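Asks: Mind having a look at this structure? Questions to follow.
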Ligand code: FAD
């Protein structure tokens with residue numbers, strides 16, 4: 001009997017262990033793997049520059065891991081709804097499998113693929129792999145989705161989370177299949193930067209891929225260095241004390257590995273749960289950070305417009321600058337030209353506020369920024385400089401190696417005050433006070449700003465007290481205009 005092959009479609013799950021779609025495909029029979037560079041399906045957001053760099057290396061790593069399993073990886077480009085059914089046709093697949101995604105355009109694309117695959121007489125199956133729980137499984141007593149983190153987390157953390165699946169055993173070489181399937185050459189996708197090639201510091205900071213992600217996880221949860229280790233991961237036990245100190249490397253740096261699916265949330269959850277006894281506080285605080293990741297993705301599932309619309313529509317009346325040549329309003333900048341100059345200063349790490357500038361330079365060089373610094377930097381942009389959170393979100397989208405469609409806009413809206421369970425608008429981070437508290441010796445700032453303390457370092461680009469007052473006034477005016485109440489009534 002000839003067995004129809006299976007096609008497993010990889011997306012944000014670039015790993016072989018704990019990959020239910022891959023296991024299912026292999027259980028069906030000879031398996032071919034597919035990755036589609038889809039920048040063409042309606043609404044799919046093109047990847048940013050740092051993400052493209054990561055993806056290139058992640059695919060090299062995935063191809064090597066799959067090779068050990070004798071599973072060929074085929075690369076194709078184009079809209080998924082056309083490319084995936086065609087690849088299934090080309091290899092005569094009887095079965096197509098993938099792990100689910102949760103963004104609006106991605107779900108639309110997946111539905112179209114499912115319909116086309118089934119219409120051609122094949123089976124199509126999707127699996128749960130990237131979140132601890134499916135967004136539709138959690139609901140408040142009123143049957144709505146959670147808008148507040150604490151009850152969301154209470155429910156999520158009280159549930160069981162399945163154990164991670166081991167890496168599958170490989171297959172006999174799938175003779176005949178590979179020849180029939182044409183694959184793009186990864187180099188032709190042009191994911192790596194050239195002219196100029198700015199990726200040197202990224203490559204020094206990161207090793208994309210599944211094995212590197214697991215090494216990092218093991219180092220972090222297993223670190224014995226305890227509290228106050230000056231270099232290397234301080235580990236789970238020290239996490240509550242060190243996670244807010246950007247100079248200390250106290251966080252796991254797992255975000256890009258979770259973003260690309262090199263490690264799964266189940267693997268992280270269970271690795272951390274294994275340390276509940278020896279690091280009770282650290283494992284609880286760290287697990288709740290995974291909870292914020294879940295909360296962001298569940299929010300995106302229920303609000304596919306998270307990246308483009310204020311979740312609290314009353315913020316539509318707030319006079320943010322777009323800094324994109326469009327409208328110009330009140331706030332730190334007086335006109336759109338000013339706003340664009342301030343946005344550029346912020347992007348390049350030349351605002352005159354060392355903690356912000358160090359963060360922006362860390363981001364530019366390495367594709368990552370410490371969470372505390374992300375919050376301070378985002379607050380300066382949206383509150384003191386009066387620039388719309390979408391301008392900041394777009395910059396992060398292009399420069400972060402961990403940028404994703406949920407966590408990035410979710411956190412920007414959290415800082416701006418317009419989001420789910422957001423920080424209240426009047427809580428405006430003061431970058432000087434934050435630096436005193438979280439970078440007291442200026443170690444982080446000095447590490448990223450060599451000219452700090454010399455004439456070459458810029459003056460502060462905005463008066464903190466004045467811009468704070470202007471932001472609060474703009475907020476009050478928007479409220480007084482009745483827009484907030486009207487919008488809130490409209491929602492109720
Ligand atoms: P750890 O402290 O070790 O946390 C462990 C994991 O928990 C992280 O890897 C991440 O997956 C998750 N996590 C922690 N904090 C958050 C959070 N606030 N929201 C969602 N997940 C969280 N994170 C992204 O993964 N992608 C983004 O695009 C992103 N954009 C952000 C934009 C802004 C303005 C801000 C303030 C935060 C953003 N974050 C984003 C959240 C957070 O800054 C990063 O997840 C964190 O810095 C990653 O470092 P880590 O892995 O060492 O974190």
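Asks: Hey, fewest Cβ within 10 Å first, where do 446, 293, 253 land in order?
Replies: On the way: 446 15, 293 22, 253 19.
The fewest-first ordering by Cβ neighbours comes to 446, 253, 293.
Asks: If one takes the longest principal axis of the Cα atoms in the chain, at what angle in degrees, from 0 to 90 and to the nearest 10, does the Cα axis of helix 149-158 lie?
Replies: 30
Asks: Residue 203 versus residue 172, label points 7 Å from Cα toward the beta carbon: distance in nm?
Replies: It works out to 4.1 nm between the two label points.
Asks: Can you work out the FRET efficiency for the pair residue 466 and residue 194, with r the C-beta to C-beta distance and R0 = 35 Å, to the nearest 0.05?
Replies: On the way: r = 44 Å, r/R0 = 1.26.
It comes to 0.20.
Asks: Pull out the extension gain between residue 270 and residue 144, defined as 0.36 nm times the separation in residues minus the alpha carbon to alpha carbon distance; nm, one decimal.
Replies: Separation in residues times 0.36 nm, less the Cα-Cα distance, equals 42.5 nm.
Asks: Sorted from fewest to most neighbouring beta carbons within 10 Å, what does the list 375, 369 look like? Mind showing how you got there, number by number?
Replies: Numbers: 375 19, 369 24.
The fewest-first ordering by Cβ neighbours comes to 375, 369.
Asks: Would you please state which residues of the range 386-413 a label at residue 324 would reach in this model, taking the label point 7 Å out along Cα→Cβ and a backbone N cut-off of under 11 Å?
Replies: Inside the label zone: 388-395.
Asks: Helix 80-90: angle to the longest alpha-carbon principal axis of the chain, degrees 0 to 90, nearest 10?
Replies: 20
Asks: Give me the distance in nm between label points sitting 7 Å out from Cα along the Cα-to-Cβ direction at residue 3 and residue 427, one decimal.
Replies: It is 5.5 nm.
Asks: Sort the range 249-295 into rounded, prolate or oblate with this rule: let a ≥ b ≥ c be the square roots of the eigenvalues of the Cα gyration tensor; rounded if a/c is under 1.5, and if a/c is not under 1.5, prolate when a/b is larger than b/c, oblate otherwise. Intermediate results must be reported in sequence, preceding the final value.
Replies: Details: a/c = 1.70, a/b = 1.60, b/c = 1.06.
Prolate, because a/c is 1.5 or more and a/b exceeds b/c.
Asks: Give me the Kirkwood hydrodynamic radius of the chain, using the inverse of the mean 1/r over all pairs of distinct Cα atoms, in Å to one decimal.
Replies: Details: mean 1/r = 0.0417 Å⁻¹.
Kirkwood hydrodynamic radius for the chain: 24.0 Å.
Asks: What is the helix-to-structure angle for 464-480, meaning the angle in degrees between its Cα long axis and the longest Cα principal axis of the chain, kept from 0 to 90 and rounded to the nearest 10?
Replies: With both axes taken from Cα atoms, the answer is about 80 degrees.
Asks: Going by how many other beta carbons lie within 10 Å of each one, how would you line up 449, 387, 355, fewest first?
Replies: Values: 449 20, 387 25, 355 30.
Fewest-to-most Cβ neighbours within 10 Å comes out as 449, 387, 355.
Asks: If r is the Cβ-Cβ distance from residue 70 to residue 281 and R0 is 35 Å, what FRET efficiency results, to the nearest 0.05? If you can, show how the numbers build up before the last one.
Replies: Values: r = 45 Å, r/R0 = 1.29.
Efficiency, rounded to the nearest 0.05: 0.20.
Asks: Then there's this: Which percent of Cα pairs goes in each bin when the distances of the range 292-427 are cut into 5 angstrom slices starting at zero?
Replies: Bins of 5 Å from zero give 2, 11, 21, 24, 21, 14, 5, 1 percent of pairs.
Asks: Given 0.36 nm per residue, what is the gain on full extension from residue 441 to residue 111 after removing their alpha carbon distance, in nm? Before the final figure, lay out the partial values.
Replies: Details: separation 330, 0.36 × 330 = 118.80 nm, distance 5.32 nm.
Stretched out fully, the residue 441 to residue 111 stretch lengthens by 113.5 nm.
Asks: Rounded to whole Å, give me the distance from the Cα center of the range 127-204 to that of the range 377-406.
Replies: For the range 127-204 versus the range 377-406, the Cα centre distance is 23 Å.
Asks: Let me make sure I get this right: for the range 1-129, a, b and c are the square roots of the gyration tensor eigenvalues over alpha carbons, sorted descending. Under 1.5 in a/c it's rounded, otherwise prolate if a/b > b/c, else oblate. Which is it? Write out the running numbers ahead of the final one.
Replies: Working: a/c = 1.72, a/b = 1.16, b/c = 1.48.
Oblate is the answer for the range 1-129, as a/c is 1.5 or above yet b/c matches or exceeds a/b.
Asks: Just how many % of Cα pairs in the range 386-434 lie over 15 Å apart, if you round to the nearest whole percent?
Replies: Working: 567 of 1176 pairs.
The answer is 48 percent, as a whole percent.
Where a number appears in this text, it was derived from the coordinates with a stated rule and is not lab data. This structure is a prediction, so every number in the text was calculated from the model and none was measured. Here the Cβ is made from the backbone with ideal geometry for all residues, glycine too, and neighbour counts use every protein chain on show.
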